Each structure stands twice: as C-alpha cells, then as structure tokens.
Amino acid sequence: MTTDQALHPAIRVQGIEKSFKDLHVLRGVDFDVMPGSIFALLGSNGAGKTTLVKILSTLLKPDAGTATVNGHDTGTEPARVRESISLTGQFTAVDDVLTGRENLVLVARLRHLPRPDAVAGALLERFDLAEAAHRRAGTYSGGMRRRLDIAMSLIGNPRVLFLDEPTTGLDPQARNEVWRTIRQLAGQGTTVLLTTQYLDEAEQLADRIAILHQGIIIQNGTLAELKQLLPAATVEYVEKQPSLEDVFLALVGSGPDDRPSGAPAPGKDHR
Amino acid sequence: MSTHALRDTGVLTGRSLRHILRSPDTIITTAVTPVAMMLLFVYVFGGAIITGSGGSYVNYLLPGILLITVASGVAYTAYRLFLDVKGGIVERLGSMPIARPSILWAHVLTSLAANLAAIAIVIGVAALMGFRSGASLAAWLAVAGILVLFTLALTWLAVVAGLTAKTVDGASGMSYPLIFLPFISSAFVPTATMPGPVAWFAENQPVTPIVDTLRALLAQEPVGTGIWTALAWLAGILAVAYAAAAAIYRRKVG
C-alpha cells in the first residue's frame, strides 16, 4: 500500500474539459499531485479553479478527460473517491444552528466512525475550539468558523484534502492559523490540493504551483522552477521597510483571536 | 447499502429536527395564519355563509384550513434547503461517502414532523371553537393518511423550490400560490355558488376532492368516488415533484 502510494500520484488530471452553456471554463487541464505534497492551483477569479475542485470531489462531471483520486476514477467510481477525500469549499460549510461539537459529531456519524464524541473532542482540542465547543457555530468569528470547517473535513482521516480558497475573507491571524494547519497536515502525509488567488499563499505553502489561466495550466512547477522563468536576479540595494502586515501583526499579535470582543490573546505566538 | 441509507437519513433528520426544536417559533407561525383565517371565517364571515351541509361552519371549514396549514408550513422546508445549498452544506455532504438520497429525505421527514405538529395545534384550536367529529378510528386514520400524503406531495414541491431558488424570498415564496388554491375550491363555500368558469376550475382542481373527502370522513358520510380522485391527484403530484427534485439534485451534486 505504501509503495503503491509512493509510485502513483494521489491525484491525476488528464485532459479535463468543462463548459457551462457557451462558457468554455476548462479547456484541457492536465497535472499530477504526488502523495503527501501540497499542490497550489493559482488563478484569478473565474479561472475555473472551483469548477476543477468540484470535478475532483465528484460534484460535477467533466465533458471530456479523466480525473483519478487515489487511483479511483471520479466519473466511474465516485463512491470510492468520496471515501478517501474531503472537501472544504469556498464558503465555510458549517451548520450555524448546531454547536461546534454537534457539527463535528454530525460528520463523524455520517462517516460511520465508532466513537463520534471522542473524535469531536480531540478535534476541538486540536483546533483551539474546546472553549467554544458548546456555542452555536453561528456565533463564531470568521477564523473560528474556518477552523471548524477544516476540522470537519479532517474527520475520518481522508488521504486527500481539497481546500477551495481556504483563506479568502480571513484576517491575517486567522490566515496564518490556517496555513499552519495545512503544513501540519501535509507533514502527516495528507495530500493537499488548494486553490488560491493569493500569490503569497502559494509561495508560502505549496510544494508545486500550477497556474490556471483561461481554462488551461500555463505553468506547473516548484517555486524555484517558476522563478527561473524570469531573467536571473540582479543585485540591488533596497531599504528594508516593514510591510503593513508586519506592523499589524506586531501590534495585535499573531495568535488566534477567539474572542469576538477583540481581546488580545496574550503570550500566544505561533510563529 | 440500504442500512447505510437509513442510518444516514436518521442522522441527518436528527440534525434538521434539532433546527426546528431550536426555533419552535417556526411551528407556531405555521399554525398562526391558518388559525387567524379560521377565526375570521367562523366569527366574521361564517354567519353569512350558507353551506347547506347542516353542520357547524367550523366543521365545514376545518379540512381546507388544514391544507392551508401544510401549504404555508412547507415554505420552511424550501427555506432550510435553500440555506443548505447556499451555505455549501449540500456540497459538503455530496462529497462525503453517504447515501445520496438521505440529504433530501432528511428535510422531507422533518417537514412531515413539523407540519403534523402544526396540524395538531390547528385541530386543537378548532376543537376549542366547537369543532366536533364522531369519526371512527379508521376514518381518523384515513384523514391522517391523506394529510401525510398531502404533506409529502407539497414538501417535494418545496424541495424543488429550495434547490432551484436564487434568493431566500424565491424559496419561501413558493407557498403563496399553494395557500391561495383552497380559496378557489370547496374549502370555504360550496362550488355551486360560483360563476361558471370559476366553478369549473374549482371542481377540477386537486384541493376540492381532497377537502370533500376529508370533510366526508370527519362527518361520517360516504366518501364516494371523490376519494379516488383525491388519491390520484396526490399520487400524481407526489410522483412528479419527487422525480423533478431527484433529477435537479442529481444535476446539482453529481
């Protein structure tokens, strides 16, 4: 099984095409993602990133081409694919009426795990949500909702995780929190495919970056390979100014801010 | 596979029932409008309405009021399903290894429970207003069966609305025509008093045979062939709405 995983890509996309009426969204997309790596699909709004994620997570059927996830074809064996994946969509899909704990227990039950309560408890601890476990998810801050959302996706230890724009709309602290989680997951062997429109996100996280533009992958490589596409670097002397982000994070602290009142989290420095 | 389907449906039904228990006002508001209509028709208009049936007007009116209760109640199903689609819950569940139809069935079973609760409230108020029935247990079971079928048929229509709506208002607005339909039927007044084309419509739309059948069952009168017309309408609407909902769902989440 392990050798099998090492030899074959966790995700293989070949010649995927998809149109919505006259709109040719994907026009022949190919790429492989190796097991345990973080693969970033970079593209501007409307480039077709979400469409591709929906095809890979069996929610949409492509017009042409094939996609396999963990060796299973998304078109002919969707049920097998669903058993080994998890999707965190563009909008945090948590149930606002249920508490954080109930959301996690719900997913654990639907994945037919033996001890749903224990699974939920462990994830609440891991994602710094234990204190808020009994509050309705509707009262959570944006960062907490996203953490709960990702925690729900990890139930059942899926081998492949799809994250569609995981940090869009998050403040810098929450974004750093999510980045840390993604790195941890990949470190534990989970294959992560994430889409983003933020260049720095791809730069920070991804082992490989593919640029999706007008329905095709125009470049695919490591950050170093992509950088070589441009002329060699010239040495210039530039005064190093702190960026506004550095200033902001220094002032408010970069730890998770679980308190909707905006109270700082003293002594928590995750960097 | 089918045990999985039952288990998944059970888990998801538990979830949406919890939604209702945390906002019990939705059951109360479902019952308030029909109760207000019942008060209005019995105590304001009722004195001037001649039904020719001999019994009290509240007895005559109740079956139609119960249908209106369900028609307004299913709007919440469309509303909740719309929120699940909009909020990405349907996609999340669709990408998980769970039985495909369980997501929709959970909403449908929850609608059934909520609407039966609202119906019980309306019947309770009607009893306070003088509604009486000497119907046998078998007749009451038949009444319950027809109301369950009616709720299922309208709920699957609500599922179609919830899956296809573009806005919250569009989703919950689906019930307005359904609430209006009983007014052009035998629910409030006998169709014989209506002018030709209106009477023709009233006599050939689904509400009239359903109302007439419920009324006959509760008044211990023979139901005649009307019950078959009623059941045919219910089965027809249910089949069409279910097929449409299933097709739309398949197109939406693979």
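In a loop (DSSP other than H, G, I, E, B) and in contact (Cβ under 8 Å) with a residue 24 or more places away in the chain: is that true of B:Thr26 in this structure? It would help to see each step written out before you state the result.
Values: in a loop (DSSP other than H, G, I, E, B): no; in contact (Cβ under 8 Å) with a residue 24 or more places away in the chain: yes.
No, not satisfied.
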Check: For the range A:122-146, what are the residues that are closer than 27 Å to B:Gly10 by Cα, in contact (Cβ under 8 Å) with a residue 12 or more places away in the chain, assigned to a helix (DSSP H, G or I) and more than 14 Å from chain B (Cβ to nearest Cβ)?
Finding: A:Leu123, A:Leu124
Checklist line | Odd one out for A:Leu194 among (1) surrounded by 17 or more Cβ atoms within 10 Å (Cβ to Cβ); (2) in a helix (DSSP H, G or I) | finding: (2)
Item checked: Selection from the range B:1-18 of residues that are more than 9 Å from chain A (Cβ to nearest Cβ) and among the aliphatic types (A, V, I, L, M) -> B:Met1, B:Ala5, B:Leu6, B:Leu17
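Of all residues in the range B:157-197, how many are of a type in the set (Phe, Trp, Tyr) and closer than 23 Å to B:Ala239 by Cα? Lay out the reasoning, then the answer.
Here is the first cut: in the range B:157-197, the residues of a type in the set (Phe, Trp, Tyr) are B:176, B:180, B:183, B:188.
After this cut, where a residue has to be closer than 23 Å to B:Ala239 by Cα as well, the list is B:176, B:180.
Qualifying residue count, the range B:157-197: 2.
For the range A:109-120, what are the residues that are part of a helix (DSSP H, G or I) and either in contact (Cβ under 8 Å) with a residue 40 or more places away in the chain or surrounded by fewer than 23 Cβ atoms within 10 Å (Cβ to Cβ) (or both)?
Filtering the range A:109-120 down to residues part of a helix (DSSP H, G or I) leaves A:109-110, A:116-120.
Answer for the range A:109-120, where residues must be part of a helix (DSSP H, G or I) and either in contact (Cβ under 8 Å) with a residue 40 or more places away in the chain or surrounded by fewer than 23 Cβ atoms within 10 Å (Cβ to Cβ) (or both): A:Arg109, A:Pro116, A:Asp117, A:Ala118, A:Val119.
Considering B:Arg80, B:Arg92, which residue is within 14 Å of chain A (Cβ to nearest Cβ), buried (at least 17 other Cβ atoms within 10 Å of the Cβ) and over 25 Å from B:Pro177 (Cβ atoms)?
On the way: B:Arg80 fails: over 25 Å from B:Pro177 (Cβ atoms).
Exactly one of B:Arg80, B:Arg92 is within 14 Å of chain A (Cβ to nearest Cβ), buried (at least 17 other Cβ atoms within 10 Å of the Cβ) and over 25 Å from B:Pro177 (Cβ atoms), namely B:Arg92.
Output the residue which, of all residues in the range A:213-271 that are small (Gly, Ala, Ser), assigned to a loop (DSSP other than H, G, I, E, B) and closer than 30 Å to A:Arg126 by Cα, is modelled with the highest pLDDT.
Keep residues of the range A:213-271 that are small (Gly, Ala, Ser), which gives A:215, A:221, A:224, A:232-233, A:243, A:250, A:253-255, A:261-263, A:265, A:267.
Filter once more, keeping what is assigned to a loop (DSSP other than H, G, I, E, B): A:215, A:232-233, A:243, A:253-255, A:261-263, A:265, A:267.
With the extra rule that they be closer than 30 Å to A:Arg126 by Cα, the set shrinks to A:253-255, A:261-263, A:265, A:267.
On the way: A:Gly253: 73, A:Ser254: 62, A:Gly255: 56, A:Ser261: 43, A:Gly262: 41, A:Ala263: 42, A:Ala265: 43, A:Gly267: 43.
Among those that are small (Gly, Ala, Ser), assigned to a loop (DSSP other than H, G, I, E, B) and closer than 30 Å to A:Arg126 by Cα, it is A:Gly253.
Considering A:Leu154, A:Leu123, A:Leu148, A:Leu106, which residue is at pLDDT 95 or above, aliphatic (A, V, I, L, M) and crowded, with 18+ Cβ neighbours inside 10 Å? Lay out the reasoning, then the answer.
Values: A:Leu154 fails: at pLDDT 95 or above; A:Leu123 fails: at pLDDT 95 or above; A:Leu148 fails: at pLDDT 95 or above.
Going through A:Leu154, A:Leu123, A:Leu148, A:Leu106 in turn, the sole match is A:Leu106.
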Note to self: Six or more apart or on different chains, Cβ atoms under 7 Å: show the pairs whose first residue is in the range B:99-112 and assigned to a helix (DSSP H, G or I) and whose second is among the acidic types (Asp, Glu) and crowded, with 20+ Cβ neighbours inside 10 Å.
What the structure shows: B:Ser102/B:Asp8
Item checked: Residue selected from the range B:44-60 under the condition in a helix (DSSP H, G or I) and under 24 Å from B:Leu181 (Cβ atoms), by the criterion farthest from the other protein chains (Cβ to nearest Cβ) -> B:Ala48
Check: Name the residues in the range A:93-105 that are out of contact with any Asp or Glu (no Cβ under 7 Å at 6 or more places or on another chain), assigned to a helix (DSSP H, G or I) and either over 19 Å from A:Gln184 (Cβ atoms) or within 12 Å of chain B (Cβ to nearest Cβ) (or both), would you?
Finding: A:Gly100, A:Arg101, A:Glu102
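The values are calculated or read from the model by the stated rules, or taken from the named source; none is laboratory data. The model shown is predicted, which means the values in this text are computed figures rather than measured ones. Cβ coordinates were reconstructed from backbone atoms using ideal geometry, including for glycine residues, and neighbour counts include every protein chain displayed.
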